[in-house]
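Colleague: Let me begin by handing over the structure; questions about it come next.
The values are calculated or read from the model by the stated rules, or taken from the named source; none is laboratory data. Owing to the predicted nature of the structure, the values given are computational and were not obtained by experimental measurement. Every residue, glycine as well, gets a Cβ built from its backbone with ideal geometry; the counts of neighbours run over all protein chains shown. The accessibility values were calculated without ligands, DNA or RNA, using every heavy atom of the protein model including side chains. Shrake-Rupley method; radii C 1.70, N 1.55, O 1.52, S 1.80 Å.
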Amino acid sequence: PEAKAYFGYAQFQLLIVDNRWDEAILALERALAFDPQSEKLQLTLAKAYLHNQQITEGGETLERLLQNSPNQAVAWELLGELRSYQQRYAEAVSAYTQVLAKDPANENIRLRLIAVYDRQKDMQRAVAETNTLLGLNPDSLPGRLTLARLQRGSSQDAEAIKTYRDLLLRRPGQLQAILELGQLLEKEQQVAEVIDLYQESIKDNPELLA
């Protein structure tokens, strides 16, 4: 059985090179029939289903894998992405939380969790998770930008300005922060502050004048 499973997997790899996904998935399904406990084959099949827009099959395959292998972090991550895409946000939160329980410093997953809370309009949890991220990594650029954007989205403009300025103290000349802070200061009609900000950014990034 293992040899037949390996042969099916090899067929799958050859077929996807030619972008023959339907045939490749059939080959992988046959391979998995010979080795149904293989985490690698189950995970590869789930990814193939999702790539081929077979959303239901992909989700079911991930759930079966996780029933037997609840510590499979990549499967939880994929399931979180899928449920978020499907707007099944409670399930996405559950999946991402499973990853973070084992790997709390995983910034990428925590940012995805924050994005789910944001889509749910749950600003309290989104900000709390962002603060957790920054507690683990105070210099996180995505974390600081995310916090400022959440504050802007909640009409906490003064707090957002403070967050952007704190970011720029840590990352002088960070262009995305300068752009977003400039837009916010313009909205607040703080013209002198905007001019000072842009003049300072040119000093830090002289290539902007090129």
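Colleague: So if I check each of ALA128, ALA177, which one is closer than 22 Å to ALA105 by Cβ and either hydrophobic (A, V, I, L, M, F, W, C) or surrounded by fewer than 20 Cβ atoms within 10 Å (Cβ to Cβ) (or both)?
Modeller: It is ALA128.
Colleague: Of the conditions (1) closer than 25 Å to GLN183 by Cβ; (2) at pLDDT 95 or above; (3) not hydroxyl-bearing (Ser, Thr, Tyr), LEU169 clears all except one; give me its number.
Modeller: Unmet condition: (2).
Colleague: Just to check your reading of the model, which residue among GLU186, GLU207 is within 29 Å of ASP122 (Cα to Cα), open to solvent by 20 Å² or more (accessible area, probe 1.4 Å) and not in a loop (DSSP other than H, G, I, E, B)?
Modeller: GLU186
Colleague: Now a separate question. Here are the criteria: (1) at pLDDT below 90; (2) open to solvent by 60 Å² or more (accessible area, probe 1.4 Å). Tell me which single one ARG149 does not satisfy.
Modeller: (1)
Colleague: Residues of segment 53-69 being in contact (Cβ under 8 Å) with a residue 12 or more places away in the chain and open to solvent by 10 Å² or more (accessible area, probe 1.4 Å), which ones?
Modeller: Listed by number, the residues that qualify are GLN54, ILE55, GLU63, ARG64, LEU66, ASN68, SER69.
Colleague: Moving on to the next point. Mind listing just one residue for me: the one in segment 131-140 that is surrounded by 15 or more Cβ atoms within 10 Å (Cβ to Cβ) and touching a Leu at 6+ places or on another chain (Cβ under 8 Å) and, of those, nearest to ARG110 (Cα to Cα)?
Modeller: Only one residue tops the list, namely LEU133.
Colleague: Filter segment 2-31 down to residues that are more than 29 Å from the chain's Cα centre (by Cα) and under 22 Å from GLN72 (Cβ atoms), then give me how many there are.
Modeller: The qualifying residues number 5.
Colleague: Could you please let me know if ARG30 is open to solvent by 70 Å² or more (accessible area, probe 1.4 Å) and under 30 Å from PRO142 (Cα atoms)?
Modeller: no
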